[in-house]
1. Residue check: is D310 of a type in the set (D, E) and either without any contact (Cβ under 8 Å) to a residue 40 or more places away in the chain or in a strand (DSSP E or B) (or both)?
2. For segment 125-165, give me each residue that is buried (at least 21 other Cβ atoms within 10 Å of the Cβ), at pLDDT below 85 and either of a type in the set (A, V, I, L, M) or not assigned by TED's automatic domain parsing to the domain that holds L13 (or both).
3. Among (1) in contact with a strand residue (DSSP E or B) (Cβ under 7 Å, 6 or more places away or on another chain); (2) among the charged types (D, E, K, R); (3) part of a helix (DSSP H, G or I), which single condition is D162 missing?
4. Give the residues of segment 209-224 that are in contact (Cβ under 8 Å) with a residue 60 or more places away in the chain and surrounded by fewer than 15 Cβ atoms within 10 Å (Cβ to Cβ), sorted by residue number.
5. Where in segment 1-106 are there helices (runs of 4 or more DSSP H), lying fully within it, with 3 or more residues that are aliphatic (A, V, I, L, M) and closer than 23 Å to A149 by Cβ?
6. Could you check segment 166-203 and list, in sequence order, the residues that are in a loop (DSSP other than H, G, I, E, B) and surrounded by fewer than 20 Cβ atoms within 10 Å (Cβ to Cβ)?
7. Among the residues of segment 34-59, write down those that are within 18 Å of A139 (Cα to Cα) and surrounded by fewer than 24 Cβ atoms within 10 Å (Cβ to Cβ).
8. Search segment 313-340 for residues being over 27 Å from the mean Cα position of the chain (by Cα), small (G, A, S) and not in a loop (DSSP other than H, G, I, E, B), and hand back the single one that is modelled with the highest pLDDT.
Amino acid sequence: MPRARDQHSESTLTVFLAFAANLGIAIAKIIAAVLTGSASMAAEAAHSVADTFNEVLLMVGLRRSARAADRRHPFGYGKERYIWTLLVAVAIFGMGALFAFYQGVEAFLRTEEEETSYLVAYTVLAVSFVLEGISWRQALKQVRADARAEGLPFLTFLRRTDEPTSLSVLLEDSAALLGLLIAFAGLALHELTGSAVWDGVGSLLIGVLLTTVALVLGRVNLNLLIGNQADPRLVADVRERLAAAPEIEWVVDLVTMTVGADRILVCARLDFTDTLTAGDVERACVRMAQELGEAHPEIDEVFLEPVPRDDPDLRARVVARYGKALGETRGESGDASVEG
């Protein structure tokens, strides 16, 4: 799939650029934190260290998820990317947010100390903002390009994407830019007022920011690991194509699942015309699977099952899944439910 390969290459570039930027920023912030003693700067240093570590996790995820399917993993390793990105969310909270909270509380409790080398801190923050901005721009460029390729508005794409790598970098870099502004404000207020309270407040706000990003990333990847349905537009088109086949009396049930970036599993239960022979059904299944793959290259596997649409057990299972009985319309999400 050319688009999937292009997306993988672009994701690799995005992650590598973020890694290089964060590594340099982390070193500079650590030096500045030692020289100034600023809690906000220390929190930002921990933030950048966490981000640098996270880019390594993302690169590992990209590499391992690209492996081909084998006997033990017949649907491939696509979902492994979601596991590594979930670890990124854990690292953001564990390495970044918790340390920021610790630094903030310590700033409130410690004896007042006169800090020095504010110019060093401001310089590091300014340079860091520029470098983070470069990484953020690349991540934003990729996410926007992917959204255009999917024909979706930007915010809608963020909610539906099955490629969390570029989204992770975008959220990390967005949080980094906001964190730098918070650190600058906390450091400036500390210098102006002589009170370490402002520095502590800045560190706590950075902790809240990182916690929010970790929760958002965790939720996105948790849903993907559980098994999201495919894009509702794809689901609706697949249903229409199956229903339009001359051999099909009714599309009884349609289930889709994301098994990796741009990889979809399609399972359908179909009521075939009763006059068809077994050979006719077999040939129809092969043809429909090929047609679906040609129409949607992201469809990786297609399973078609002949069933009678009035089977009570099947009806009960479908109703339990979608909350729709026979004769009702399908849900707004595009999931196919039983109709009759």
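The values are calculated or read from the model by the stated rules, or taken from the named source; none is laboratory data. Just so you know, these numbers come straight off a predicted model, no measurement behind them. Cβ placement follows ideal geometry from the backbone for every residue including glycine, while neighbour counts extend to all protein chains displayed.
1. Considered against the rule, which asks whether it is of a type in the set (D, E) and either without any contact (Cβ under 8 Å) to a residue 40 or more places away in the chain or in a strand (DSSP E or B) (or both), D310 comes out as yes.
2. Residues satisfying the conditions do not exist here.
3. All conditions are met except number (3).
4. Residues satisfying the conditions are L215, L222.
5. Correct list: 2-36, 39-65.
6. Across segment 166-203, the qualifying residues are G194, S195.
7. T52, F53, V56, L57, M59
8. Taking segment 313-340 and keeping what is over 27 Å from the mean Cα position of the chain (by Cα), we get 313-320, 323-330, 337-340.
Then keep just the ones that are small (G, A, S); that gives 316, 320, 323, 325, 327, 337, 340.
Then drop every residue that is not not in a loop (DSSP other than H, G, I, E, B), which leaves 316, 320.
Numbers: A316: 77, A320: 74.
That would be A316.
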